[in-house]
Amino acid sequence: MKSETMKKITEEYKQYIQEHQEESSESGKAIKEYLDHSTAAYNGLVVHTLHIPKIFTEKEIEYFRWIVKTTYGILTKVTREYINNPAYRKFFPFSKELEELILVPNLYDSVLPIARFDIFFHEDDWSFKFCEINTDGTSAMNEDYVLNQALALDNAHQEMLKKYEFTTFELYDSWVESLMNLYQTYEKKVENPYVVITDFMDHCCVNEFKEFAARFEKAGYQVEICNIRDMKYENGVLYSASGHPIDVIYRRAVTCDIMAHYDEIRPFIQAVKDQNVCVIGSVCTQIPHNKWLFKMLREKATMEFLTEEERQFVEEHIPYTNLMDSRFCRMDEILDEKDRWIIKPLDSYASRGVFAGVDYDDGEWEDIVHRHWNKNYIYQEYYHPYRTDNICFRDKEPQFESYTNMTGLYVYNGEFAGIYSRLSTGGIISSQYNERAVATLVVKEDEK
């Protein structure tokens with residue numbers, strides 16, 4: 001049975017804020033000041049938040065666990081089919097170089113160590129559609145942590161604590177434990193592994209890496225944050241920037257960046273090909289990460305090896321997706337039903353280059369489609385997200401507005417681990433333009 005508690009408590013937050021406007025405004029300013037000087041502020045960017053956190057009950061959490069379990073099972077099947085079936089590989093648009101890396105055995109018991117499944121969840125009827133699958137670049141654990149800390153300054157939340165008992169998700173230590181448990185299944189494991197967290201350091205959140213490094217150290221491991229460009233490979237050993245042999249890598253460098261800078265990171269590439277370093281996750285995670293996945297899930301070649309329950313899940317929750325290319329569609333299909341579609345780069349992240357028809361007039365939409373036609377863009381069924389009222393005290397004239405909601409389900413080695421909640425006033429939720437993030441709480445249904 002679906003809970004009405006979420007809506008009830010959210011309305012209580014709103015009513016309290018409206019009845020205590022001056023106090024709430026001061027509270028909002030204090031939160032802004034806190035966030036601007038927190039680890040969520042980096043390179044001139046800072047997470048923007050709203051005054052009402054996202055509330056779920058255990059009923060929703062159990063439902064999310066089912067979504068994660070079902071989705072993870074499907075993605076694992078698809079990945080293993082790609083690895084084991086040359087005929088199935090031909091359906092994917094991967095280069096020879098990328099396919100070669102995908103097929104390198106990772107020597108541990110998972111093809112998808114970490115992910116975040118971003119869904120549009122309708123809180124009234126529990127219907128939902130997927131937005132995208134994030135794999136190795138999965139991030140924002142730090143934002144969630146900091147936003148939860150900031151609730152100590154939220155006047156409305158402090159009032160709700162008098163009536164309700166809330167819990168939060170722990171996303172740092174739980175990932176360290178999950179990663180190291182997975183490493184224990186690695187065929188070449190060593191007793192005290194040296195851990196490296198790696199990415200292209202010119203466009204990542206180093207503060208998040210620092211927090212993860214602190215948690216690895218707390219768990220008793222030596223750890224280093226290392227630019228993937230600065231590794232060396234000699235005599236079958238991959239070395240970090242500090243010159244230390246690397247045993248296990250927590251890879252945050254997304255695959256599209258790896259392929260774009262392939263020649264700059266030859267030591268890393270060769271160590272992977274030689275199977276001389278444990279990389280969590282290995283490059284096979286690109287199969288679920290790439291947006292071609294949504295097209296492939298609906299194809300006969302995939303449906304044939306799914307169960308009846310899994311096929312129904314795909315049909316109900318995976319939006320129709322195709323390549324915006326003259327080989328697959330007609331342009332007028334996309335132009336004539338503007339509000340039906342959203343277009344996205346085939347392989348990108350952080351909402352870069354994403355356009356929803358609902359955000360543009362006919363002329364603007366025609367220009368956008370023309371500019372991206374036959375340029376590795378997908379067009380996808382647009383799902384109108386669930387909307388809730390909230391208020392942003394960063395605005396010049398703060399007022400309650402209707403925000404679209406996105407629910408990001410963190411997945412650590414197949415298990416539901418937590419939630420990242422984002423909102424927007426627009427048709428898409430973009431970290432570049434209009435994204436707002438809020439703390440996520442789980443409430444006990446029984447009041448204090």
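The values are calculated or read from the model by the stated rules, or taken from the named source; none is laboratory data. Because the structure is predicted, anything quoted here is derived from the model rather than measured. Glycine gets a Cβ as well: all are built from the backbone with ideal geometry, and neighbour counts include every protein chain shown.
Against the condition over 18 Å from I280 (Cα atoms), modelled with pLDDT of 95 or more, part of a helix (DSSP H, G or I) and of a type in the set (A, V, I, L, M), how does L182 come out, does it pass?
Here the answer is no, as L182 does not meet what is asked.
When segment 265-299 is examined, which residues are found to be in contact with a Phe, Trp or Tyr (Cβ under 9 Å, 6 or more places away or on another chain), over 28 Å from Y379 (Cα atoms) and in a helix (DSSP H, G or I)?
Matches in segment 265-299: I265, R266, P267, F268, I269, Q270, A271.
Assess whether T57 counts as being modelled with pLDDT of 95 or more, closer than 20 Å to H317 by Cα and surrounded by fewer than 21 Cβ atoms within 10 Å (Cβ to Cβ).
No; evaluated as a whole, the condition is false for this residue.
For segment 2-26, enumerate the residues that are in a loop (DSSP other than H, G, I, E, B) and either in contact with a Lys or Arg (Cβ under 7 Å, 6 or more places away or on another chain) or of a type in the set (G, A, S) (or both).
Listed by number, the residues that qualify are K2, S3.
Give the residues of segment 234-264 that are under 17 Å from L98 (Cα atoms), of a type in the set (A, V, I, L, M, F, W, C) and part of a loop (DSSP other than H, G, I, E, B), sorted by residue number.
A253, V254
Those residues that are closer than 21 Å to K189 by Cβ and either hydroxyl-bearing (S, T, Y) or free of Cβ contacts under 8 Å to residues at least 24 places away in the same chain (or both), I need them from segment 209-264; list them, please.
Those that are closer than 21 Å to K189 by Cβ and either hydroxyl-bearing (S, T, Y) or free of Cβ contacts under 8 Å to residues at least 24 places away in the same chain (or both): A213, E217, G220, Y221, Y233, N235, Y239, S240, Y250.
Looking at Y82, Y63 in this structure, which one is farther than 22 Å from Y420 by Cβ and either surrounded by fewer than 20 Cβ atoms within 10 Å (Cβ to Cβ) or of a type in the set (F, W, Y) (or both)?
Y82
Could you pull out the residue among Y34, Y82 that is hydroxyl-bearing (S, T, Y), more than 30 Å from N106 (Cα to Cα) and in contact with a helix residue (DSSP H, G or I) (Cβ under 9 Å, 6 or more places away or on another chain)? Break it down stepwise before answering.
On the way: Y82 fails: more than 30 Å from N106 (Cα to Cα).
After applying the criteria, what remains is Y34.
Just the residues that are surrounded by 19 or more Cβ atoms within 10 Å (Cβ to Cβ) and among the hydroxyl-bearing types (S, T, Y), please, taken from segment 40-51.
T49
Is it the case that E224 is part of a strand (DSSP E or B) and modelled with pLDDT of 95 or more?
yes
I'd like to know if segment 148-166 contains one or more residues that are among the basic types (K, R), free of Cβ contacts under 8 Å to residues at least 60 places away in the same chain and farther than 23 Å from E62 by Cβ. So that I can check it myself, show each step before the final result.
We begin by selecting, within segment 148-166, every residue among the basic types (K, R); these are 162-163.
Next, from what is left, pick out any that are free of Cβ contacts under 8 Å to residues at least 60 places away in the same chain: none.
The answer is no, given that none of the residues of segment 148-166 is among the basic types (K, R), free of Cβ contacts under 8 Å to residues at least 60 places away in the same chain and farther than 23 Å from E62 by Cβ.
Report the residue count in segment 83-104 for those that are within 24 Å of H261 (Cβ to Cβ) and of a type outside the set (D, E, K, R).
9
So, E337, is that one closer than 22 Å to A115 by Cα, free of Cβ contacts under 8 Å to residues at least 24 places away in the same chain and either under 24 Å from the mean Cα position of the chain (by Cα) or loosely packed, with under 14 Cβ neighbours inside 10 Å (or both) or not?
no
Matching residues to (1) assigned to a loop (DSSP other than H, G, I, E, B); (2) surrounded by 20 or more Cβ atoms within 10 Å (Cβ to Cβ); (3) modelled with pLDDT under 95:
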| residue | (1), (2), (3) |
| --- | --- |
| L75 | no, yes, no |
| A87 | no, no, no |
| N106 | yes, yes, no |
| L112 | yes, yes, no |
| I119 | no, yes, no |
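Okay, residues lined up against (1) out of contact with any Lys or Arg (no Cβ under 9 Å at 6 or more places or on another chain); (2) closer than 28 Å to I17 by Cβ; (3) of a type in the set (D, E, K, R); (4) part of a helix (DSSP H, G or I):
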residue: D109; (1), (2), (3), (4): yes, no, yes, no
residue: R116; (1), (2), (3), (4): yes, no, yes, no
residue: F169; (1), (2), (3), (4): yes, yes, no, no
residue: E177; (1), (2), (3), (4): yes, no, yes, yes
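Determine, yes or no, whether V277 is over 22 Å from F128 (Cα atoms), touching a residue at least 24 places away in the same chain (Cβ under 8 Å), buried (at least 18 other Cβ atoms within 10 Å of the Cβ) and in contact with a Leu (Cβ under 6 Å, 6 or more places away or on another chain).
Spelling it out, V277 is indeed over 22 Å from F128 (Cα atoms), touching a residue at least 24 places away in the same chain (Cβ under 8 Å), buried (at least 18 other Cβ atoms within 10 Å of the Cβ) and in contact with a Leu (Cβ under 6 Å, 6 or more places away or on another chain).
Here's a check for you: in segment 27-39, which residue that is assigned to a helix (DSSP H, G or I) and touching a residue at least 40 places away in the same chain (Cβ under 8 Å) is surrounded by the fewest Cβ atoms within 10 Å (Cβ to Cβ)?
Checked segment 27-39; the qualifying residue surrounded by the fewest Cβ atoms within 10 Å (Cβ to Cβ) is K29.
Take the conditions within 29 Å of K54 (Cα to Cα), surrounded by 20 or more Cβ atoms within 10 Å (Cβ to Cβ) and either of a type in the set (V, I, T) or modelled with pLDDT of 90 or more (or both) and apply them to V354. Does it pass?
In short, yes.
Would you pick out the residues in segment 161-195 that are under 22 Å from L107 (Cβ atoms), of a type in the set (A, V, I, L, M) and touching a helix residue (DSSP H, G or I) at 6+ places or on another chain (Cβ under 9 Å)?
Passing the criteria: V176, L179, M180, V195.
Which residue out of I52, I67 is touching a Lys or Arg at 6+ places or on another chain (Cβ under 8 Å) and either aromatic (F, W, Y) or closer than 30 Å to E445 by Cα (or both)? Steps first, please.
Working: I67 fails: touching a Lys or Arg at 6+ places or on another chain (Cβ under 8 Å).
On inspection, the qualifying residue turns out to be I52.
Scan segment 350-380 for residues that are farther than 30 Å from R252 by Cα and in contact with an Asp or Glu (Cβ under 6 Å, 6 or more places away or on another chain) and jot them down.
The answer is G357, V358.
Given the criteria more than 30 Å from G353 (Cα to Cα) and of a type in the set (D, E, K, R), does E234 qualify? Before you say what the answer is, go through the steps one by one.
On the way: more than 30 Å from G353 (Cα to Cα): yes; of a type in the set (D, E, K, R): yes.
Judged against the criteria, E234 is a match.
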